[in-house]
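Q: Got a structure for you, questions after.
The values are calculated or read from the model by the stated rules, or taken from the named source; none is laboratory data. Being a predicted model, the structure only gives us computed values, none of them experimental. Every residue, glycine among them, receives a Cβ derived from its backbone with ideal geometry; neighbour counts consider all protein chains shown. Please note that ligands, DNA and RNA were not included when accessible areas were found on the heavy atoms of the full protein model with its side chains. Shrake-Rupley method; radii C 1.70, N 1.55, O 1.52, S 1.80 Å.
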Amino acid sequence: MDTKPIHFDEMLAAEGSVRAPYHAYEAWFSKQNPSRLKAKSKDAEAFFRRTGITFNVYGKEAAQERLIPFDLIPRIISSREWTKLAKGIEQRVRAINMFLYDIYHRQEILRAGIIPTDLIAKNDAFLPQMIGLTPPGDVYTHIVGTDIVRTGEDDFYVLEDNARTPSGVSYMLENRETMLQMFPELFSQNRVKPVSDYPKNLRKSLAACAPPNCTGKPTVAILTPGIHNSAYFEHSFLADQMGVELVEGHDLRVVDGHIAMRTTKGHKQIDVLYRRVDDDYLDPLNFRPDSMLGVPGIMDVYRAGNITITNAPGTGIADDKAIYSYIPDIVEFYTGEKAILRNVETYRCAEPDALKYVLDNLAELVVKEVHGSGGYGMLVGPAASKKELADFEQKLRSNPANYIAQPTLSLSTVPIFVKKGLSPRHVDLRPFVLVSPNGIEITPGGLTRVALQEGSLVVNSSQGGGTKDTWVLEE
Amino acid sequence: MLGKTAGGLYWMFRFLERSENIARLIEAGFRIALTRSNDTASDWKSVVTTAGVRRGYDAIYDSYTSENVVDFLLRDTRNPSSAITVIDKARTNARMVRTALTTEVWEAVNENWMAMKKALKSPIPDTELPALLGEVRRHSALVRGALHGTMLRNDNYDFARIGTAIERADYTARIIDVKYYTLLPSANFVGSPLDNVQWETVLRSVSAHRSFRWLGDGEMTSSGIAEFLILDSRFPRSLYFASKTLRELLAYLAEDYGERHACHDLIDEQVANLRQHTIRSIFDEGLHEFISAFIRQNNALGAQIEQDYRFNK
């Protein structure tokens, strides 16, 4: 096996010994017949196709459905590592909610000069419509997917906060189901913390955020842009698992000051709407007038306290890549504590010194669009051709404020199953966090995304990434 | 349940039923082509007419050959009622209403789509046609089986079955409409082997050639066939049976919701109308007129159900 000592491998230490969390797994793996594993891997793919666990790829021929490749080697996290991660994530999510409350109310953090006023005022993700509006329980970001990368034994970094509409949780759940079906014996040999309570917890968490005007048992629904959306499978999966209706904009309208869905028996009131539609499309009367995906007037219902929208509109201001670099300060400002999880060093290209540094060192850096997501419009310096670098330099110079840059991190690796056996690939981790007035809940583990190309650092499913089941071991 | 979900279930099962009927229609047409050596263009033409896609076909082809018709009805994505189009539409509707389906129903409809997309990738040679058509019918039956075996008997189930019944009634009526002249009593006097082939084709297109023989002691008359297709209370694809089923399903909904709609009056009328008639009185009134009126009524009923149960905005 080729181990490159410069990367931290989570399973195998440099001298070839197996790290503690993987002991039991490795003992099992070494006894497996590779051809049986290969067959299992094929089974898994057929299972995903049959059950329709697919995502749509944009930009290819009309919304093609693709599978996210699943790798059968689990990513294993020790209880000790998880405890630290969970603490750090909780602190960060708490601070982000306090930041959002502040930024839409008194803006103390701007007064204190911690964040430049322009960064908020001139940011498209900042919604003036939200000023002075207080969502139930002061919760803005109910569902978070914090992207974490690892570079060493104890070195964890937050890469992105994904506070608006994180996706991928359905893969976390289906990956575990698949592993349980394929290798039940592994779960008697390893004590793995369960993840299957997520849909139940999500429903409880959403119901706990019902608006104060809602007196009975709250009705929850999921709002999807429709079957052509890249994450449609997840929307229908979550609705199904929670036992709530999956609605589209044209199913909804305002009736007597409430949001109601059109049923076969007339209109039925909704109290909590878990929307998987972007802010801009949420309400054609208040945002983009051409949007067909939202509900005309929903913002007025929201303002009147007759519906809870999760995540709250305007939440994007907290996971904007330009704000990202300030998160450690934000954590400290609101909690009075040092941030437990580190940030990746970030150059804000809007600042002239930073821009100069970025242009001088483009080939070593990762450059991202401030508002981009899904790995689109991103430059990975070390992997880019001369022409790509030159083209990107042009883009940077013409609109520097649209970009941030980060050093290329030496992401940890976890082996994947290939023809020859095991081969290391870079991974990241997206744990899923639920926030309600009752507290913050983090499902142990999350979604591990893996760059299937040897040496590649891009883990996005839209760019050839795969996923792994993620285990957090009991103590 | 959401109006959209009711509509999705209804259309999902209409499209599945249609895929199955297209397979039957081609099977019957193919059989004629095999058993008759002379010109089969007019038979293929009536197949295209029954499928309701004459205009689309004529826009592409100049003549009715078995090769072109089969390809157009099975594989052509320009044809809104081709097998591949309706199987895709059935699955799209299933994806839309995924939360209202059991895993088994969803997997059956998804597998149907995967298998058929693969099977219909390239033109189907005659040697493989019978097996493929069987496959189309089998997949649709698997979805229906999963529906019956796993779904709760609630409004979801009712709307799915209403879609099947409406499509069934429409299809059988259209077969009669296109072939009505071979079913007129005067056709008996013609009595040539050619007409026997025509009758058998009609029966085969609704998978009833065997059941008809069982019931009719082997005797085949045009009015006997017409009566069987229109008024029989045991044959699941007769107009009467499909209408009776619709009335039953709509009655469940009325009871479940505690509310009657305009569609309930329409179906009561439709069933009463069929009950009042004998095959004699239908012929007296004019078979063609009777069937045309039925097709219109059945369409109106479908539209009324869509409206009463708020399928659309």
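Q: Among the candidates A:THR146, A:THR224, A:THR134, which residue alone is surrounded by fewer than 16 Cβ atoms within 10 Å (Cβ to Cβ) and among the polar types (S, T, N, Q)? Spell out how you get there, then give the answer.
A: Details: A:THR146 fails: surrounded by fewer than 16 Cβ atoms within 10 Å (Cβ to Cβ); A:THR224 fails: surrounded by fewer than 16 Cβ atoms within 10 Å (Cβ to Cβ).
Exactly one residue qualifies, and that residue is A:THR134.
Q: Still on this model: Looking only at the stretch A:254-285, how many residues end up being modelled with pLDDT under 95 and basic (Lys, Arg)?
A: 1
Q: Got a sec? Which strands (runs of 3 or more DSSP E) wholly within the stretch A:233-285 have at least 3 residues that are closer than 23 Å to A:GLY305 by Cβ, in contact (Cβ under 8 Å) with a residue 12 or more places away in the chain and not polar (S, T, N, Q)?
A: Because the criterion is at least 3 residues that are closer than 23 Å to A:GLY305 by Cβ, in contact (Cβ under 8 Å) with a residue 12 or more places away in the chain and not polar (S, T, N, Q), the strands (runs of 3 or more DSSP E) in the stretch A:233-285 that meet it are A:252-255, A:258-263, A:266-270, A:272-275.
Q: Given (1) open to solvent by less than 30 Å² (accessible area, probe 1.4 Å); (2) in a loop (DSSP other than H, G, I, E, B), identify the lone condition not met by A:GLU345.
A: Unmet for A:GLU345, out of (1) open to solvent by less than 30 Å² (accessible area, probe 1.4 Å); (2) in a loop (DSSP other than H, G, I, E, B): (1).
Q: Now, a different point. Would you confirm whether or not the stretch B:282-297 contains a residue that is surrounded by fewer than 18 Cβ atoms within 10 Å (Cβ to Cβ), of a type in the set (Ser, Thr, Tyr) and within 14 Å of chain A (Cβ to nearest Cβ)?
A: Within the stretch B:282-297, none of the residues are surrounded by fewer than 18 Cβ atoms within 10 Å (Cβ to Cβ), of a type in the set (Ser, Thr, Tyr) and within 14 Å of chain A (Cβ to nearest Cβ).
Q: Output the residues belonging to the stretch B:199-228 that are among the hydroxyl-bearing types (Ser, Thr, Tyr), in contact (Cβ under 8 Å) with a residue 40 or more places away in the chain and open to solvent by less than 50 Å² (accessible area, probe 1.4 Å).
A: Answer for the stretch B:199-228, where residues must be among the hydroxyl-bearing types (Ser, Thr, Tyr), in contact (Cβ under 8 Å) with a residue 40 or more places away in the chain and open to solvent by less than 50 Å² (accessible area, probe 1.4 Å): B:THR201, B:SER205, B:SER222, B:SER223.
Q: Something else now. Give the stretch A:87-107 a look and list any residue that's free of Cβ contacts under 8 Å to residues at least 60 places away in the same chain and farther than 17 Å from A:ASP161 by Cα, or say none.
A: A:HIS105, A:ARG106, A:GLN107
Q: In the stretch B:7-22, which residue that is within 14 Å of another protein chain (Cβ to nearest Cβ) and over 13 Å from A:VAL247 (Cα atoms) is most open to solvent (accessible area, probe 1.4 Å)?
A: Residue satisfying both the conditions and the ranking: B:TRP11.
Q: Can you pull out every residue in the stretch B:86-124 that is β-branched (Val, Ile, Thr), closer than 17 Å to B:ARG18 by Cα and facing another protein chain (nearest Cβ under 10 Å)?
A: Those that are β-branched (Val, Ile, Thr), closer than 17 Å to B:ARG18 by Cα and facing another protein chain (nearest Cβ under 10 Å): B:THR92, B:VAL109.
Q: Please identify the pairs in which a residue from the stretch B:108-128 that is over 22 Å from B:MET151 (Cβ atoms) has its Cβ atom under 6 Å from the Cβ atom of a residue that is assigned to a loop (DSSP other than H, G, I, E, B) and not aliphatic (A, V, I, L, M), counting only partners at least 6 apart or on another chain.
A: B:LEU120/B:ARG75
Q: Can you tell me which of (1) more than 14 Å from chain A (Cβ to nearest Cβ); (2) open to solvent by less than 40 Å² (accessible area, probe 1.4 Å) is the one B:GLY52 doesn't meet?
A: Result: B:GLY52 fails condition (2) only.
Q: Restricting to the stretch A:294-315, what's the tally of residues that are surrounded by fewer than 24 Cβ atoms within 10 Å (Cβ to Cβ) and within 14 Å of chain B (Cβ to nearest Cβ)?
A: Result for the stretch A:294-315: 1.
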